[in-house]
Amino acid sequence: AAKRAGGNMHCFYEPGMDHDAEAAVELQRDLRTALETGQGLSLHYQPKIDSASGQIAGVEALLRWQHPQRGAVSPVVFIPVAERFGLIGALGQWVIDEAARQIQAWRGAGLSMRVAINVSVHQLRQPDLVDRVGEILARHGVPPDLITFELTESAAMEDPSATLRIFERLAVTGVALSIDDFGTGYSSLSYLRKLPASQIKIDRSFVQDLGSQSDARAIVKAVIKLSHALGLEVVAEGVETVAQQDILKQLGCDQMQGFLFARPMPATHLQLWALSDEVPANRPTFRDSVFN
Ligand code: C2E
Ligand code: MG
Ligand code: MG
Ligand code: MG
């Protein structure tokens, strides 16, 4: 256990420990309340942009929590708390349900939008996940091909054979699968070939270094070539500059996502953004949106 905790080991010796532990217990209690009442939880949506056309190819749903006292708490903080305290199953289900509801609301407004949902490896371990996903989609009447699940490469690699089994069962339901934060999880070529994923997302760290470091460019180039050879679509995450966009386009990256195009935004804003997609010049920009 000591080895797995790695760089975080020092926190066990810090005087702040009691405070940290207490804060986590408080957070899980408040998160439980939020789940029970549905208050304070929402999804924001960040577009994935088709590199060739500049059109919106879909969106990624990102969970937001407005804490009654603390204000906005980052998912980087509360998702691990939810995992640790056994809340991730319920939270993950809330996310899938809310995304499905939103997809139908958008369809009612004439907008057919693909939505990618992040899933935690803890969620994948729920034995009834596949049934529950099927139940939620059926209840809302959502066509499964509008749903993509994103799982990080490192999460997939925690138990590669278990991931493969669950992916295979999920794929049968008709949802698409995407490998998130790719390049940081050390998956093998033979493993990638076996996974029924249709998309990989190149980790932001590689995108960040694209302009300045030639090895980052070489890695991204190789990843795109390899992925295309395996029939996978490639998305670059964290695109913030036109220089990065230009290089990625040159290297044949299929889709891009990042603050350069749009920050995650509430559903109503996304709808405006997407419906004015035909005329990019008229598209309201939310680059500087306060929502994130
Ligand atoms: P992720 O799935 O890799 O999502 C991308 C994160 O990068 C998001 O942070 C997004 O706001 C941020 N981002 C997007 N474009 C840019 C950019 O150009 N520059 C920079 N610096 N950042 C950018 P966010 O929303 O704080 O989410 C963080 C992580 O929390 C996500 O990483 C995901 O792993 C997790 N997460 C979020 N929502 C959910 C959820 O519903 N379920 C689960 N299991 N995890 C979630
Ligand atoms: Mg993601
Ligand atoms: Mg990511
Ligand atoms: Mg990431």
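The values are calculated or read from the model by the stated rules, or taken from the named source; none is laboratory data. Since this is a predicted model, take the numbers as computed values, not measurements. Positions of Cβ are backbone-derived with ideal geometry, glycine not excepted, and every protein chain shown enters the neighbour counts. The area values use the complete protein model at the heavy-atom level, side chains included, leaving out ligands, DNA and RNA. Shrake-Rupley method; radii C 1.70, N 1.55, O 1.52, S 1.80 Å.
Along region 184-201 the Karplus relation, 6.51 cos²θ - 1.76 cosθ + 1.60 evaluated at θ = phi - 60°, assigns HN-Hα couplings of 10, x, 6, 7, 8, 4, 5, 5, 4, 4, 6, 5, x, 8, 10, 8, 10, 10 Hz to successive residues, with x for each Gly and Pro. In the Gaussian network model of the chain, springs joining C-alpha atoms below 10 Å, which of P75, P127, P160 carries the largest mean-square fluctuation? Between P75, P127, P160, it is P127 that shows the largest mean-square fluctuation.
Specify the inter-centroid distance of region 247-266 and region 141-165, based on alpha-carbon positions, in whole Å. When both Cα centres are located, 22 Å separates them. Using only the Cα atoms of region 21-86, build the gyration tensor, take square roots of its eigenvalues as a ≥ b ≥ c, and label the shape rounded, prolate or oblate: rounded if a/c is under 1.5, else prolate if a/b is larger than b/c, else oblate. Because a/c hits 1.5 or more and a/b exceeds b/c, region 21-86 counts as prolate.
Taking all protein chains into account, the per residue accessible area for region 44-89 stands at 42 Å² (1.4 Å probe).
Near K48, the amide H atoms lying under 5 Å from its own belong to A57, G58, V59, E60; only residues 5 or more places off or on other chains count, and H is placed 1.01 Å from N. Considering helices alone, the calculated mean residue ellipticity of the chain at 222 nm is -13500 deg cm²/dmol, with DSSP H runs of length four and up weighted by -39500 (n - 2.57) and normalised per residue. Rounded if a/c is under 1.5, else prolate if a/b is larger than b/c, else oblate: which is region 43-170, with a ≥ b ≥ c the root eigenvalues of its Cα gyration tensor? It is rounded, given that a/c, with a ≥ b ≥ c, falls under 1.5. What percentage of the solvent-accessible surface of the chain, computed with a 1.4 Å probe over protein heavy atoms, is contributed by carbon and sulfur atoms? Carbon and sulfur atoms account for 53 percent of the accessible area of the chain.
Contact order normalised by length for region 61-161, with contacts defined as Cα pairs under 8 Å and 6 or more residues apart; what percent is it? Mind showing how you got there, number by number?
Numbers: 87 pairs, mean separation 27.4, N = 101.
27 percent.
Shape class of the chain from the alpha-carbon gyration tensor: rounded, with the ratio a/c of largest to smallest axis under 1.5. Near V119: Cβ cut-off under 10 Å, other residues only, Lys/Arg at +1 and Asp/Glu at -1. The net charge is -2. Pick from F85, F167, F182: which is most flexible by mean-square fluctuation in a GNM of the chain where alpha carbon atoms under 10 Å apart are linked? Per the Cα network of the chain with a 10 Å cutoff, F85 tops the list. For region 170-278, the relative contact order comes to 21 percent (Cα pairs under 8 Å, sequence separation of at least 6). The mean sequence separation of alpha-carbon pairs under 8 Å and at least six residues apart, normalised by the residue count of the chain, gives a relative contact order of 16 percent. Close amide H pairs (under 5 Å, H built 1.01 Å from N) link N118 with A61, E150, residues at least 5 positions away or on another chain.
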